[in-house]
Amino acid sequence: MIIGVTGGIASGKSTVARAFAALGIPWVDADDVAREVVKPGEPALAEIAARHGRRVLLADGRLDRRALREIVFADEAERRWLESVTHPRIRERLLAHLARLQARGAPYVLLVSPLLFESGQHRLVDRRLVIDVPEALQIVRTAARDDVDEAQARAIVAAQMPRAERLALADDVIDNGGDEQALGAQVAELDRRYRNLAGSPSVP
Ligand code: ADP
């Protein structure tokens, strides 16, 4: 069983993943895998370089993510082309990572993905767990963690999928408007449910 974990910026995805890990549940981070498939030597990077040339490469041959982001931000067709090159490879590698974790005996595994719904990765999972947080708190936590002010944090939140839309797609919801203890209690409860669903009850 694969649980997809998602939420907006600073909603608590990493914190939730660590809480599940403390209960013995491993996770794969979709962002890590998205970076893996465009490393030097990877076919996706070769295709991107063949299309856009040296302007999307750094001097050492790695992908210039900022340059590529500017190209696809300005051109919808280029964004779709890039996704057609990267998404299938990300999907394949995610599934391979998740299968490896399950083969090692995990009762269930997590796919942590900021863009679970937007990328179509929700189709790879059995349940969708949304971490929900009031926007005001999300903005405060973003500004406290990242090097941005509250106005910038607000703009990032506004550019993401609206809270209500994400919630409407959820099978399960964690309310991360409280403290870390409240978060831990919700994770423990979900872990019990997921183990039961996966047919592997927790040790009493
Ligand atoms: P994400 O991975 O979704 O971007 P994080 O797990 O990194 O979010 O959490 C964002 C920030 O908010 C981090 O600095 C984290 O320590 C903090 N945080 C997360 N949950 C809570 C909570 N319940 N109470 C206080 N701070 C929290």
field: Difference of contour (0.36 nm per residue) and Cα-Cα distance, residue 150 to residue 50
entry: 32.1 nm
- prompt: Local charge sum around residue 33 (other residues, Cβ-Cβ under 12 Å, Lys/Arg +1, Asp/Glu -1)?
  reply: -1
statement: Given a Förster distance of 35 Å, the FRET efficiency implied by the Cβ-Cβ spacing of residue 42 and residue 135, rounded to the nearest 0.05, works out to 0.45
- request: Enumerate the whole-percent occupancy of each 10 Å bin, from 0 to the last occupied one, for all C-alpha pair distances of the range 152-204.
  value: 19, 34, 34, 11, 3
query: Which value in nm describes the separation of the simple spin-label points at residue 175 and residue 193, placed 7 Å from the Cα toward the beta carbon?
result: 1.3
- prompt: When averaged across all projection directions, what area in nm² does the alpha-carbon convex hull of the range 53-135 cover?
  reply: 8.3
statement: With 0.36 nm assigned to each residue of separation and the Cα-Cα distance removed, residue 83 to residue 118 gains 11.4 nm
- prompt: For the range 1-118, rounded, prolate or oblate, judged on the Cα gyration tensor with a ≥ b ≥ c (square roots of eigenvalues), a/c < 1.5 rounded, else prolate if a/b > b/c?
  reply: prolate
task: Give, as a single signed number, the net charge of other residues whose beta carbon lies under 13 Å from the beta carbon of residue 106, with Lys and Arg counted +1 and Asp and Glu -1.
output: +2
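Can you classify the chain as rounded, prolate or oblate using the Cα gyration tensor, where a ≥ b ≥ c are the square roots of its eigenvalues, rounded means a/c under 1.5, and otherwise it's prolate if a/b beats b/c and oblate if not?
Verdict is oblate for the chain.
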P(r) of the range 69-113 over all Cα-Cα pairs, binned every 10 Å from zero, in whole percent: 25, 33, 24, 15, 3
- request: Return the Cα extents of the range 140-179 along principal axes one, two and three, sorted largest first, each rounded to a whole Å.
  value: 33, 26, 10
task: Can you run the Rg to Rh ratio on the range 84-204? Use alpha carbon positions and the Kirkwood inverse-distance Rh.
output: 1.00
field: Approximate spin-label separation residue 67-residue 185, in nm, with each point projected 7 Å along Cα-to-Cβ
entry: 5.3
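Since every read-out is calculated from the coordinates, none of them should be taken as a lab result. Quantities reported herein were computed from a predicted structural model and do not represent experimental measurements. Using ideal geometry, Cβ is built from the backbone for each residue, glycine included, and neighbour counts are taken over all protein chains shown.
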